[in-house]
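First comes the structure, then the notes that go with it.
The values are calculated or read from the model by the stated rules, or taken from the named source; none is laboratory data. Here the structure is a predicted model, which means the values were calculated and not measured. Neighbour counts run over all protein chains shown; Cβ positions are idealised from the backbone, glycine included. Heads up: the accessible areas ignore ligands, DNA and RNA and are worked out on the full protein's heavy atoms, side chains in. Shrake-Rupley method; radii C 1.70, N 1.55, O 1.52, S 1.80 Å.
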Amino acid sequence: MATANASSRSGAATAVLTVEDLSVHYDTHAGPAKAADRVSFALQPGERLGLIGESGSGKTTVAMALMRLLRPPARIAGGKVTLDGRELLSLNEEDLRQARLRDIALVPQGAMSSLNPVMRVGDQIVDAIRAHSRGDNRNDISGRVAELLRSVGLDPAVAQRYPHELSGGMKQRAVMAISTCLAPKVIIADEPTSALDVVVQRQIMQTLGRLQDGLGAAVVLIGHDMGLIAQFSDTIGVMYAGKIVEIGPVRQIIEAPKHPYTRLLIDSIPGIKKKQKLRGIPGLPPRLVNLPECCSFHPRCPYAFGECKTVTPRQQEVAPDQRVACHLYPEHDRLPERPAATEVPA
Amino acid sequence: MNALIELRNVRKDFGGFTALDDISLTLSEDTASMSAVAGESGSGKTTLARILLGFIPPSRGEVVYRGKDLTRMSGAERRVFRREVQPVFQDPFDVFNPFYRVDHVLHMPLRRYRMASSAAEERAMIEDALSRVGLRPADTLGRYPHELSGGQRQRIMVARAVLLRPRIIVADEPVSMVDASLRATILDELRTLNRDLGISIVYITHDLTTAFQICDNILVLYKGEVAEAGSVENVIGSPKHPYTQLLVSSIPLPDLSQEWGALDVTQVEASGGSAAGSCNFAPRCPQAMDVCRSRKPPKFMPDAARLARCFLHESAPAVPGEDLAGVFRPPDPDGRETI
């Protein structure tokens, strides 16, 4: 079981968000595609969790499930999500609408296309605030808008601009101002910097970090770049084919990864100290309707052995707060040297 | 050195906006090189790519391919140029027509240039090109674009370029839309094509890590002008221009001993073109001096394989000649140290 009781591990009393055995299936003609399969984790207030995986690993599905923004053919097939003491998956539509933005907010992927092109930026922020508190007076709100824009590093005059007048980085900041306008307890950032260059990317991530510190909010950062995730997160969860295959504190994950896939993700980002053979991850992520038997990663895994094809690995705690689903453990106490290259078709 | 392609004092204006200025660059005919062009959005790197490809003419200066100015080529010469200088674009989703099988983009150029004398030869050439980029022809041909992943589609675009036996591939952000875990493999294939087939590669990117790993030399652009150029070991390994330093310190690495963003940066985002009488980077530069706001810095040469356009290096000799490739190091004959 992939549960490994996230709640008891980190103390349900203090966790702001607890996810237990969350499963999301996409119904297809070929049967259900398990885009998220018994995903569990807990977030403390102020904690930064990085969820990393390749395209199709289910990381965005998890984000959408937490916002309850999934639409058919996707459906939540099981699990429990507790947000600040409330069961999120059973909220009715009106309570859910109130919870979004106020308690849990999304910084969507592709901020470029998340803004309304025919509405001034300021009005879009006002819109979001008014949807949650009708009574506020106009002057208070416009003061609030200026303050929000400043908090994301934008000139308050940006309120009068239309999205097409802003650069990509500025649009991403404007979206962050909207997402944080009601001081949410949890911010979900889904690849917030995917189309931006490195300098702007860094500025955006620093802004997100500052905002979060100011609000005391927890952040789930979703991405596929181990460099970015490592530099931002306190905890890293590695997703493969719908499952969290390894989760733990950032230093342990980066310096002593246990799952072979985690190691490969780290190695796929070459450094700038020394030239080395470029090591991508061979093969492709599997199709979710027809997953390889047992450990889904075995066809691409340089360490795979017999048991990987016959027994599904369970999550086990291999170091303090570090859980991994891999048959190399508990026999080994750390990830062994990588076996000689085996041919895996690209 | 025999020049394969030469940019001579190229400038490009769009209306009153100068997207690219003062670029002279020669790629040698004798050795196949791998050069990177880096810079942020709006730095002019895509404009440079489009000029190299002959998609747009420069506003000033000239582009010379094998000794012939592009604007004065005959139709036949232009066809040769078109075949020998091939693009790979950023977006592996938009370049395919979803109604055609992927075979279509491979057959079309072969027929257009009459490269194969029979259907069997055509097929053999396509299969060869696909295997060179790590694709199995049997798994690829006959498929529709939506059946393939982004990485596979981008490999097909590289195969399409290779099919035409080009001398130069201009790859504009070829892996920025591909998962980080798959980028390394595709770039490694570009490097192999460079080595095995003698194709010079111009790799346009904002990712300095991969530029460092696969290229010999790099050109860093800022607001349309070169900020720093030279060997990747020099420019990325120990940057001298404050802009390059900012870029390098912004790279997020999965290495917790490297502090991300040690350098602070003023939050002025690039807007507008180059300023006439000052250093383009001065408004953002933490080390800007008075002289930076009153004069454009010339190109200084702080060491043998590098130029930096920055007054901090005023004591270094000026770069002799206009050609930026004058400070490039020769490509490694057999590659680099591997581990």
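Taking the criterion of being assigned to a strand (DSSP E or B), more than 14 Å from every other protein chain (Cβ to nearest Cβ) and under 19 Å from A:G223 (Cα atoms), would at least one residue in the range A:303-315 satisfy it?
Pass one, the range A:303-315, residues assigned to a strand (DSSP E or B): A:315.
Still in the running and more than 14 Å from every other protein chain (Cβ to nearest Cβ): A:315.
So of that shortlist, the ones also under 19 Å from A:G223 (Cα atoms) come out as none.
Within the range A:303-315, not a single residue is assigned to a strand (DSSP E or B), more than 14 Å from every other protein chain (Cβ to nearest Cβ) and under 19 Å from A:G223 (Cα atoms).
A:V62 meets the stated requirement of being over 29 Å from A:S167 (Cβ atoms), open to solvent by less than 30 Å² (accessible area, probe 1.4 Å), modelled with pLDDT of 90 or more and not polar (S, T, N, Q).
For the range A:272-291, indicate whether the set of residues that are over 12 Å from A:A241 (Cβ atoms), within 23 Å of the chain's Cα centre (by Cα) and either open to solvent by less than 60 Å² (accessible area, probe 1.4 Å) or modelled with pLDDT of 90 or more (or both) is non-empty. Among the residues of the range A:272-291, at least one is over 12 Å from A:A241 (Cβ atoms), within 23 Å of the chain's Cα centre (by Cα) and either open to solvent by less than 60 Å² (accessible area, probe 1.4 Å) or modelled with pLDDT of 90 or more (or both), which makes the answer yes.
Note on the range B:1-117: enclosed strands (runs of 3 or more DSSP E) holding 1 or more residues that are in contact with a helix residue (DSSP H, G or I) (Cβ under 9 Å, 6 or more places away or on another chain) and among the aromatic types (F, W, Y) are B:3-14, B:60-65. Against the test of being out of contact with any Phe, Trp or Tyr (no Cβ under 7 Å at 6 or more places or on another chain), among the hydrophobic types (A, V, I, L, M, F, W, C) and closer than 18 Å to B:T47 by Cα, the options B:I156, B:I186, B:I204 yield a single qualifying residue, B:I204.
Within the range B:310-320, being modelled with pLDDT under 90 and open to solvent by less than 60 Å² (accessible area, probe 1.4 Å) holds for one residue alone: B:V319. Annotation: A:A42 fulfils all but one of (1) within 14 Å of another protein chain (Cβ to nearest Cβ); (2) open to solvent by less than 50 Å² (accessible area, probe 1.4 Å); the unmet one is (1).
Quick check, is B:I186 open to solvent by less than 10 Å² (accessible area, probe 1.4 Å) and either part of a loop (DSSP other than H, G, I, E, B) or more than 8 Å from chain A (Cβ to nearest Cβ) (or both)? It is false that B:I186 is open to solvent by less than 10 Å² (accessible area, probe 1.4 Å) and either part of a loop (DSSP other than H, G, I, E, B) or more than 8 Å from chain A (Cβ to nearest Cβ) (or both). Residue by residue through the range B:205-220, note down the ones that are modelled with pLDDT under 95 and either under 15 Å from B:E40 (Cβ atoms) or assigned to a strand (DSSP E or B) (or both). Within the range B:205-220, B:T205, B:H206, B:D207, B:L208, B:A211 meet the criteria.
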